[in-house]
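**Q** Mind having a look at this structure? Questions to follow.
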Amino acid sequence: MEELAQLYKALSEETRIRIMLLLIQGELCVCDIQAVLDEPQSKISRHLAYLKHSGLLRSKRVGVWMHYLIKESADETCKAQLAFMGERLSTLPQYQEDMKKLRDFQKQKGCEPLPPPRRAGRQRPGATRQKNPNLQKK
């Protein structure tokens, strides 16, 4: 019952409901959510953190970007509520508009994952390391 109460508390704000409806479709980058909701990154991140700390979301880093997805719930009632929400609220005009914005944004999206940065000390193949004469022991 506690998990269900936490679900309803987490969904007590319109922005979080809209985020959850977007994430029901699958994993999204923060930039996707930000573009759809047309809100500052700080506000989106605050709501994502609230949902994550409520146990509804999990995150993962993809390059320099954070991606969020709905966490598998152990509670069958919570799963049923999220499924019901996705089914019933998907007919709302706001949801339809959000999904259109998401599709449009993803067509021209500019935040694709970047390759991970090289670790310090690793050299590019074929590169030779030059010693700094100021750092040599005397």
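All of the numbers you see were taken from the coordinates with simple rules; none came from a lab. All of these numbers come straight from a predicted model, not from anything done at the bench. Every residue, glycine as well, gets a Cβ built from its backbone with ideal geometry; the counts of neighbours run over all protein chains shown.
**Q** Quick one: which residues, 5+ away or cross-chain, put their amide H under 5 Å from the amide H of MET66? H built at 1.01 Å from N.
**A** HN-HN under 5 Å from MET66: VAL30.
**Q** Number of Lys-Lys pairs in segment 2-105 under 14 Å by Cα, sequence gap 8 or more or different chains?
**A** Lysine pairs meeting the criterion: 5.
**Q** Given a Förster radius of 25 Å and the C-beta distance between GLN41 and GLU72 as r, what FRET efficiency does 1/(1 + (r/R0)^6) yield to the nearest 0.05?
**A** 0.40
**Q** Still on this structure, I have one more. Return the inverse of the average 1/r over all pairs of distinct C-alpha atoms in segment 2-105, which is the Kirkwood hydrodynamic radius, in Å to one decimal.
**A** 13.8
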